[in-house]
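So the structure is just underneath, and the comments pick up after that.
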Amino acid sequence: MENKTIVVKLGTSVLTGGSSQLNRAHMVELVRQCAALHRQGHRVVLVSSGAIAAGRAHLGHPPLASTLTNKQMLAAVGQTQLIRIWQDLFNLYDLHVGQMLLTRADLEDRERYLNARDTLRTLLDHRIIPVINENDAVATAEIKVGDNDNLSARAAILADADLLILLTDQTGLFTADPRTNPDAQLIEEVQTIDDTLRKLAGGSVSGLGTGGMATKLQAADVARRAGVEVVIATGQVPEVVGRLAAGERIGTRFPALASPLEGRKSWILAGPPPLGEVQVDLGAVAAMRDKGSSLLPKGITGVRGIFVRGDVVRILDPRGSELARGICRYNHDELTRLRGVHSDQIEALLGYGYGAVAIHRDDMVLL
C-alpha cells in the first residue's frame, strides 16, 4: 500500500462510547490502529473532539448552565486533560504528539492559514502526530468553525491529505433514517452531493457533540473538491482505521474529484465564509463553466450583501443556484454600479479601476 497522509476525525460519541466521559479503553485501541499505520510509513493526523466532555468529567460533572462562558471554561480544563491522554497513549508506541488549536480566524486570514499549514506539515515531516481541535476556550460564535467535521476537512486540506476518515456512532449514510425505517439501506459510495442527499442527513444522534450527518456531508463536499477521499464510518468496527486506509469498503465513501484544487483555490473553499452574493446571466455561466473564463462586470445581474475588495462571495446562476465562489476585486457598492457594464467603461464610471474582471478565474472555484 502506497504511503498516504490520513486524517482521522474522532467525534465525541466515538471517544465516549455514548457515556458522559472519555472511554480510555477505546481510545487505546484507536491509538494502536493509528500507530500501526504510522509504522507502515503513513502520515497520520488526529482531529479530536472531547475537550468539553473531558473537562466536565475532570471537574466531577458540576451542574452548569449551558452558557458560552461555561463551555469555554470546560474546554480550557478539558483540553489539557485530552492532550495529556493522547500523549500518554501514543507514548506507549514511542510516538510524539503535537497540539494545534485552531479557530475560523486562523483559516480565513491567508497568512495565518499558510502558517497553520506549514506547522502541520512540519510536524508530519518530523513523524509527529498532530492532534487538532477547535480552540473552544477562546472561540466565540463569530470565530468558530462550528464543528470538528468541517474542521477536519480543512485540516485535510492543510495537510494535503489523501484520505479523511470521519468516525462516528453511525454506520454511514443511509437512504432513510435507520432508527425509524427498517428498510433503510446503507449508501456505500457517493459520487454527487446534491439537495436530495442533504435531505437524508439529520442532526447529532448522541446529543454529546456538535456535528451530525449534515456536517459530515459538508465536510465531505469540501474535502473531496480539494482532492481528498472521504469515508464516514462507525468507530466500533474492528481495525476500522487500517481497513479503511487499505481501501476496504466500510461505511460511506466519497471519492475525491478527478481534478483537485491548487493551494489558493483550496483556501477559497476551506477558509473564509462567503460574505455576499453575485448573480450572473446565462452568458457568464457558459463562459465560466465551459471556457474557464473570469467573471466580467458585463455578466453580473445582481449584487447582495456587504463585502469589500478581497472578500469571498458566492456566484449564483440565474436560478439562484450556487455556481462558484471567488475573491472579488471590487466591493459591493462598486460591483452594484458596474453590473452589466463593459470592462472598458470601469474607470470612466468609477474614476479608477482594479482591472477588467470582477472575479479572476485564478481566484474562483467552480462548484
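The values are calculated or read from the model by the stated rules, or taken from the named source; none is laboratory data. Note that the structure is predicted; figures quoted are calculated from it, not measured. Note that each Cβ is placed from the backbone with ideal geometry, even for glycine, and that neighbours are counted across all protein chains shown. Remember, those area values only see protein heavy atoms, side chains included, never the ligands or the DNA or RNA. Shrake-Rupley method; radii C 1.70, N 1.55, O 1.52, S 1.80 Å.
Can you tell me which residues in the stretch 58-104 are among the hydroxyl-bearing types (Ser, Thr, Tyr) and touching a strand residue (DSSP E or B) at 6+ places or on another chain (Cβ under 8 Å)? THR103, the sole residue that qualifies. Of the residues contained in the stretch 266-280, none is found to be more than 25 Å from the chain's Cα centre (by Cα), surrounded by 20 or more Cβ atoms within 10 Å (Cβ to Cβ), part of a helix (DSSP H, G or I) and on the phi < 0 side of the Ramachandran plot. In the stretch 74-125, the residue that is farthest from HIS42 (Cα to Cα) out of those that are among the polar types (S, T, N, Q) and not in a helix (DSSP H, G or I) is THR103.
Checking each residue in the stretch 93-108 for being surrounded by 15 or more Cβ atoms within 10 Å (Cβ to Cβ) and either hydroxyl-bearing (Ser, Thr, Tyr) or more than 11 Å from LEU158 (Cβ to Cβ) (or both) picks out LEU95, VAL97, GLY98, GLN99, LEU101, THR103, ARG104, ALA105, GLU108.
Looking at the structure I just gave you, is ILE315 over 30 Å from ARG32 (Cβ atoms), assigned to a strand (DSSP E or B), of a type in the set (Val, Ile, Thr) and under 26 Å from the mean Cα position of the chain (by Cα)? Answer is yes for this residue.
Which members of the stretch 332-357 meet the condition of being without any contact (Cβ under 8 Å) to a residue 40 or more places away in the chain, open to solvent by less than 50 Å² (accessible area, probe 1.4 Å) and under 15 Å from THR301 (Cα atoms)? Once the filter is applied, which keeps residues that are without any contact (Cβ under 8 Å) to a residue 40 or more places away in the chain, open to solvent by less than 50 Å² (accessible area, probe 1.4 Å) and under 15 Å from THR301 (Cα atoms), the stretch 332-357 yields only GLU334.
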